[in-house]
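One structure below.
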Amino acid sequence: MTRDDILALLVRRVAAYKAHDAAALAAMHAPSGVVASPFGGVLEGREEIQRIYRVWFAAFPDVASHEDAVLVDGNRAVQIVRFSGTHAGEFFGLPATGRHVEGTMAFLLTLRDGLITEERRIYDFTGLLVQVGVLKAKPQG
């Protein structure tokens, strides 16, 4: 894949995320693609990848994102995205709280033949759990 091919795929990926289109997002992964995420664990195959997108969009149906940066090096890319949304659906067994969440994610991608073969998601999962109320922050002092 050329740099332009990778950048075009990332533009489509951002558009599909903003549309909350789990099927389109999963279709950008290789059939045997792997995603490693604090939220979903290690997911293998498009069906599992699509499932975790659906769970995320159900828990945060108004989630919005903004791409901050992209770095492409050969067949690898890093995409930095800020997100925000409302906890309006079940999340790790916690019913909707109506709480606002926000954070930054880094997506480390390996690409081949026009598809994502590996993806590692990095973000402050503990901070997200504190924001929705699953965990309590330790008071300072």
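The values are calculated or read from the model by the stated rules, or taken from the named source; none is laboratory data. Keep in mind it's a predicted model, so treat the numbers as computed, not measured. A quick note on method: Cβ atoms are made from the backbone with ideal geometry, for glycine too, and the neighbour counts reach across all protein chains shown.
Whether any residue in the range 13-30 is part of a strand (DSSP E or B) and either free of Cβ contacts under 8 Å to residues at least 60 places away in the same chain or closer than 15 Å to Arg112 by Cα (or both) is what I want to check.
yes
Pick out the one residue from Ile80, Ile116, Ile52 that is free of Cβ contacts under 8 Å to residues at least 40 places away in the same chain, β-branched (Val, Ile, Thr) and under 27 Å from Arg3 (Cβ atoms).
Ile80
Looking at Ala26, is it farther than 27 Å from Gly133 by Cβ and touching a Phe, Trp or Tyr at 6+ places or on another chain (Cβ under 9 Å)?
Answer is yes for this residue.
Could you tell me how many of the residues in the range 1-29 are small (Gly, Ala, Ser) and on the phi > 0 side of the Ramachandran plot?
Number satisfying all stated conditions: 0.
Taking interchain pairs and intrachain pairs at least six residues apart, which have beta carbon atoms under 6 angstrom, with the first residue in the range 120-131 and free of Cβ contacts under 8 Å to residues at least 12 places away in the same chain and the second loosely packed, with under 14 Cβ neighbours inside 10 Å and of a type outside the set (Phe, Trp, Tyr)?
Correct list of pairs: Val130/Ala137.
Can you tell me how many residues in the range 31-64 are within 19 Å of Asp113 (Cα to Cα) and among the aliphatic types (A, V, I, L, M)?
3
Mind listing just one residue for me: the one in the range 17-53 that is over 22 Å from Thr126 (Cα atoms) and of a type in the set (D, E, K, R) and, of those, modelled with the lowest pLDDT?
It comes out as Lys18.
Looking only at the range 26-36, decide whether some residue is within 26 Å of Gly98 (Cα to Cα) and either touching a helix residue (DSSP H, G or I) at 6+ places or on another chain (Cβ under 7 Å) or small (Gly, Ala, Ser) (or both).
no
Do you know which residues across the range 78-113 are out of contact with any strand residue (DSSP E or B) (no Cβ under 8 Å at 6 or more places or on another chain) and at pLDDT 95 or above?
Matches in the range 78-113: Ala88 only.
Restricting the search to the range 40-56, which residues are hydrophobic (A, V, I, L, M, F, W, C) and either part of a helix (DSSP H, G or I) or surrounded by fewer than 18 Cβ atoms within 10 Å (Cβ to Cβ) (or both)?
Val42, Ile49, Ile52, Val55, Trp56
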